[in-house]
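Student: Below is the structure I would like to discuss, written out as structure tokens.
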Amino acid sequence: SMINALQSYDLPHLRIDSPEQFETAAASLMSKARTIAAASYKASIAQPLIYPRPDLKYADNFLHMMFSRPYRDYEPSPEVSHALNMMLVLHADHEQNSTATVRMVASSQANLYASAAAGVCALWGPLHGGANQAVIEMLDGIERSQMSVKDYLAKVKDKTSNVRLMGFGHRVYKNFDPRAKIIKKSAHDILDKLGLHDKALDIAMQLERVALEDDYFVERKLYPNVDFYSGIIYRALGIPTEMFTVMFALGRLPGWISQWKEMRLKGDPIGRPRQVYQGAPKREYIPIEAR
């Protein structure tokens, strides 16, 4: 709703009719979405809002607005800044899921803000943008229950238990998600450099090791995906679990903006997905007077 509201602030003064106007609108949207995200977090924990600093780069400025206080500026280490940049890049526009929603809305010639807001809404489910949050909740649940990893995986394989293994498998990658390989190493690196120890990471390592040695998961090509490790990194950076989907949206935003621009430049027609009728076949009709 806040992204939608931005159009009332920007668009009366900025019509997107030229490449220069588009660049300004795109930069404004990316910058303000980041500010809205940090301000929402501060409001949720009853801390004063922190104003952005134009002298800082994108990731550092976001961390500043998230974690600085009026009496103390937060100074991120190079490792933390690198980790956040990496996460935003790896969560960038990827295949046609929330992106398809942005394109469908944009095809009606809706403005940039409305189209991006639709993408944010499409991210919210646990099968998409909420997937890394679901992973952390699964790991925390295993820790609280004090259940062994082998016992948990046994429940996953029992179809009557309704227990799911979050963060494994991918609709596109039928082998190891290449993004997961990068994030796995970074998860270890960032925790080591920050001197942190996270029980969730220990459980994640055990889950990965046991699952990759189990024929049930190997035969089904259920390998760790990008969401399996990303929540651990975000939590190490101090970003709360309920903000993981927000971080996903910030990473996707540049791609959504590019998709919107492409559709406008090409003059794509309004989206009209085809539907295949699967109802009853032709049936005899009895007139009302004959009933």
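The values are calculated or read from the model by the stated rules, or taken from the named source; none is laboratory data. Bear in mind that the values here come from a model prediction, so they are computed numbers and not experimental data. Ideal geometry is used to build each Cβ from the backbone, glycine not excepted, and the neighbour counts take in all protein chains shown. With ligands, DNA and RNA removed, areas are computed over all heavy atoms of the protein, side chains included. Shrake-Rupley method; radii C 1.70, N 1.55, O 1.52, S 1.80 Å.
Student: Give me the pairs, please: first residue somewhere in region 91-107 and under 21 Å from Asp227 (Cα atoms) and assigned to a helix (DSSP H, G or I), second residue anywhere and at pLDDT 85 or above and of a type in the set (Lys, Arg), beta-carbon distance under 9 Å, and either six or more positions apart or on two chains.
Tutor: These pairs meet every condition: Ser98/Arg252; Thr99/Arg252.
Student: Still on this structure: Which one of these does Arg144 not meet: (1) in contact (Cβ under 8 Å) with a residue 12 or more places away in the chain; (2) part of a helix (DSSP H, G or I); (3) open to solvent by 60 Å² or more (accessible area, probe 1.4 Å); (4) more than 18 Å from Phe244 (Cα to Cα)?
Tutor: Just one mismatch for Arg144, condition (1).
Student: For Val89, are the conditions met, namely being crowded, with 17+ Cβ neighbours inside 10 Å and of a type in the set (A, V, I, L, M)?
Tutor: Details: crowded, with 17+ Cβ neighbours inside 10 Å: no; of a type in the set (A, V, I, L, M): yes.
In short, no.
Student: Could you pull out every one of the helices (runs of 4 or more DSSP H) wholly within region 181-291 that has 2 or more residues that are in contact (Cβ under 8 Å) with a residue 40 or more places away in the chain and open to solvent by 50 Å² or more (accessible area, probe 1.4 Å)? I'd like the intermediate steps shown before the answer.
Tutor: Details: elements: 199-212, 215-219, 226-236, 244-266.
Where helices (runs of 4 or more DSSP H) fall fully within region 181-291 and carry at least 2 residues being in contact (Cβ under 8 Å) with a residue 40 or more places away in the chain and open to solvent by 50 Å² or more (accessible area, probe 1.4 Å), they are 199-212, 244-266.
Student: Now, a different point. Please state which one of Ala131, Ala204, Ala154 is over 27 Å from Ser77 (Cα atoms) and at pLDDT below 85. Working first, answer last.
Tutor: Working: Ala204 fails: over 27 Å from Ser77 (Cα atoms); Ala154 fails: at pLDDT below 85.
One residue alone meets the criteria, Ala131.
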